[in-house]
Amino acid sequence: MLKRISTEEIKLGMFIHKLEGSWFSHPFWKRKFLLDDPDMLDALRESAVPAVIIDTARGMVPEADKAQGVPPAAALRPAASPPHLSVVPPVPHHGFAHGAFAQSTFARPRAALPIAREFGRAKRAAGEALKMVSRTFIEVRLGKAIKVHDVEPVLDAVYASVQRNLYAFNGLLRCQNDSEPVYRHSLAVSALMIALARQMKLSPLEIRDAGMAGLLMDVGVGQLPVDLKSVGGDYTLLRDDLKQQHVLLGYTFLKAAGDIPDAVLRAVLHHHERLDGSGFPQGLTAPVIEPLGRMAAICDTYDTLIAAGEERARLDPAEAIRTLRAQPDKFDAGILERFVEAVGVYPIGSFVRLRSGRLAMVVDEDPAETALPTVRTFWSLVQGRKVRGETIALAHCYGEDAIEGVADLSGLDLPEIDKLRSALLAAACREAQ
């Protein structure tokens, strides 16, 4: 049974079904949870949440209901509070101070889910998220305003996957490319922003802002006065003066929605700005660009570099990392290193050349050794042919093999890159199960 009560009436043991008010007025990532922590109770009472909906079948009932004989049902049954809940004081929505990243206080960190298991869950989450992102962009084209609650389910799904395994969601998107570019790009950048924000140990609300900025930074593409089918759905192939309009169009559209946080709006406006002033639309320089905008610039550029267009060759993920590192005048070097920690020196989907003379693809990361990922072999340079695949955890092979550099696949008798990535990832997952 669902019941609405004021925030002052909340007691320990109640199951919170819904928090009323703006998504950004409460200090929790999720809205549904068993309230079993005194700190969580204090944080909720001090928040701007006016009232909550409780489920009396899953937790404690109010005193007034007890007097009327309403049974407490599951109140005596222990239920684990979701480990991704955290208790933090509400933070200002204008962003975070440069160089002073807030510490996230996750109540019960969960062990990372093995990547072979998470890929299956991530694939389902990505499929549903892509549908929702596609629908959102279509509605933008029709002039419908975006509200926070429209994108909340997508952010929840991406965040949950990134928390279960930092590398799986982005690795999966690297190895499939079967959706319209702008939708896949938005989802990928959102996941990258969430992963980067977690690596920087930002607070839950700042992580949420980061994910939302990544998801919405290109909504202005839907308002460009051009049919994207003429460029295969990839707006980056438009002439510069036209494609640059999407930034101001997106910012103006989101600002009109009324409930998008200011920090997200500024990140949308600044994601193409560069520290040396060479970006657009305002040509801002380092002192003016906030950390969230710097994060957005890195995540957006990285995903653009590794995605292929009809007239643009994609870079290998490891080469994209090198490209970003070679431009310290444009991208924040400190944030970039946190980004590399989040995706790996050789991100999932990278093709590498091994000391043994074999070529392999990165299929998993080792958080403790970001330069020593797990790879799946597929080609012998010595024999000049395909070889039976072997999965090698380079961080645990005692030096029997090692990465010498990024692989050059040109001239080899191989399937299309997307099909090759998908096949190698599937093989590695099957072997790990």
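If the chain between T285 and S356 were fully stretched, how many nm would it gain, using 0.36 nm times the residue separation less the Cα-Cα distance? Write down the numbers at each step before the final one.
Details: separation 71, 0.36 × 71 = 25.56 nm, distance 4.59 nm.
Roughly 21.0 nm would be gained on extension.
Remark on S356: its backbone amide H falls under 5 Å from those of A402, a criterion applied only to residues 5 or more positions apart or on other chains, H modelled at 1.01 Å from N. The distance between label points at A426 and E337 comes to 4.1 nm (points 7 Å beyond Cα on the Cα→Cβ vector).
If the limit is 22 Å between Cα atoms, which of K123/K144; K3/K32; K131/K201; K147/K201; K123/K419; K147/K330 go over it? Mind dumping the intermediate values first?
Working: K123/K144 28 Å; K3/K32 14 Å; K131/K201 30 Å; K147/K201 27 Å; K123/K419 16 Å; K147/K330 32 Å.
Going by Cα-Cα distance, K123/K144; K131/K201; K147/K201; K147/K330 fall outside the 22 Å limit.
Does the stretch 235-288 come out rounded, prolate or oblate, given a ≥ b ≥ c as the square roots of the eigenvalues of its C-alpha gyration tensor, rounded meaning a/c under 1.5 and, failing that, prolate meaning a/b above b/c? Can you show the working numbers first?
On the way: a/c = 2.91, a/b = 1.17, b/c = 2.48.
It comes out oblate by the Cα gyration axes.
Using the per-residue mean of other Cβ atoms lying within 10 Å as a proxy for protection, in what order, highest first, do the peptides 327-339, 37-49 fall?
Ranking the peptides 327-339, 37-49 by packing returns 327-339, 37-49.
With neighbour counts taken as other beta-carbon atoms within 10 Å, the residues H17, H271 rank, fewest first, as H17, H271. Between V387 and R135, the C-beta separation translates, for a Förster distance of 41 Å, into a calculated FRET efficiency of about 0.40. Of the GluC sites (Glu not before Pro) in the stretch 266-322, the ones in a loop by DSSP (not H, G, I, E or B) with at most 13 other beta carbons within 10 Å are E310, E311.
Of the peptides 342-349, 198-205, the order by per-residue mean of other Cβ atoms within 10 Å, starting with the highest, comes out as 342-349, 198-205.
Ranked from highest to lowest mean number of other Cβ atoms within 10 Å per residue, what is the order of the peptides 371-380, 184-193, 391-400? Mind showing how you got there, number by number?
Working: 371-380: 21.2, 184-193: 27.2, 391-400: 13.7.
With the highest mean Cβ count within 10 Å placed first, the list reads 184-193, 371-380, 391-400.
Every read-out reported here was derived from the displayed coordinates using simple, explicitly stated rules and does not represent laboratory data. This structure is a prediction, so every number in the text was calculated from the model and none was measured. Please note: Cβ atoms are built from the backbone with ideal geometry, for glycine as well, and neighbour counts cover all protein chains shown.
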